[in-house]
1. Which shape class applies to segment 59-172: rounded if a/c is under 1.5, otherwise prolate when a/b exceeds b/c and oblate if not, where a ≥ b ≥ c are the square roots of the Cα gyration tensor eigenvalues?
2. Rounded if a/c is under 1.5, else prolate if a/b beats b/c, else oblate: with a ≥ b ≥ c from the C-alpha gyration tensor eigenvalues square-rooted, which is segment 138-219?
3. Taking a temperature of 20 °C and a viscosity of 1.002 mPa s, what whole-number D in µm²/s does Stokes-Einstein yield for segment 93-242 with Rh from Kirkwood over alpha carbon pairs?
4. What nm distance separates the two modelled labels at Lys237 and Thr159, each placed 7 Å from Cα along Cα→Cβ?
5. Taking a probe of 1.4 Å, how large is the accessible area per residue of segment 95-242, in Å²?
6. Want the number for Gln60 to Asn81: 0.36 nm per residue separation, take away the alpha-carbon distance, what's left?
7. Taking the Cα atoms of segment 33-76, what is the range of coordinates along each of the three principal axes, in descending order and whole Å?
8. Spin-label point model (7 Å from Cα, Cβ direction): what's the Ile97 to Asn207 distance in nm?
Amino acid sequence: MFKRQKVYLLLVFSVSFFACKKTDVVGGKDYSTLGSSAHDLLASSYSSLEIQIQYMPGYQPDHQSTDNFKNFLGQYLNKPNGISIIEQQIPSDGKSILSVNEVVALEKKYRTVFTNNHQIAVYILITDGISDKSDIFGSAYWNTSICLIGKTISNNSGTVGQISQSQLLTVLFEHEFGHLLGLVNQGSPMQTNHQDVSDGAHCINKNCLMYYEIETEAISPTSSLPSLDANCVADLKANGGK
């Protein structure tokens, strides 16, 4: 478990939260095991993707981060009828600390966009509390579900000596969505062995977006954001991506 005091210039991903590991659940097209919709998200079998971002008061993502996110998805997903993002504020639940079960309950209460016909859907919740797993910034948990911990993100970005909030949100959106896309070896089979098996579904390449310890690599606010390496891109292409 990494401590927040280490992340004043760091990008942090969900290594210990309920993300980045397969979680078996019983459900329909949108409440299934993490990584199980990787091909559907990548390939044109569903011709469009709609992402519903719901956020608690004070934690709406900025336009730059969502634009970066959409551009990232456009590089790898075959969605001839487009990728859309809709945003909606939901009420705070009044809890300063949220458990996995409470996040799931919030999704089931407020989510309104689901996979159907020719459109696949993804749900992203941005909370105003912190995770009960301590220093956690975000997580992918089901096949089309992501949670970002807004308060923790805000506390560790955007001030002097810190990465900008837009940059941190961009990286978190992309990293967690990478897990929905089956990276690494969690729904998109590896073309070359590059899984860091000691740290779950992460890449061994320290410079890759999907490297689990990327949060320990200090970067300045002007540094380039990490991207997927060649092995991760090859996995996505082999599973129906561009």
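1. Oblate, because a/c is 1.5 or more while a/b does not exceed b/c.
2. Since a/c reaches 1.5 but b/c is at least a/b, the shape of segment 138-219 is classed as oblate.
3. Roughly 130 µm²/s, to the nearest whole number.
4. So the label points at Lys237 and Thr159 sit 4.5 nm apart.
5. 37
6. Result: 5.0 nm gained on full extension.
7. The principal-axis extents, from largest down, are 36, 24, 15 Å.
8. Label at Ile97, label at Asn207, 4.1 nm between them.
The values are calculated or read from the model by the stated rules, or taken from the named source; none is laboratory data. These numbers were taken from a predicted model, which means no experiment stands behind them. For neighbour counting, all protein chains shown are included, and Cβ atoms are generated from backbone atoms with ideal geometry for every residue, glycine included. Accessible surface is based on the protein model in full, side chains and every heavy atom, while ligands, DNA and RNA are left aside. Shrake-Rupley method; radii C 1.70, N 1.55, O 1.52, S 1.80 Å.
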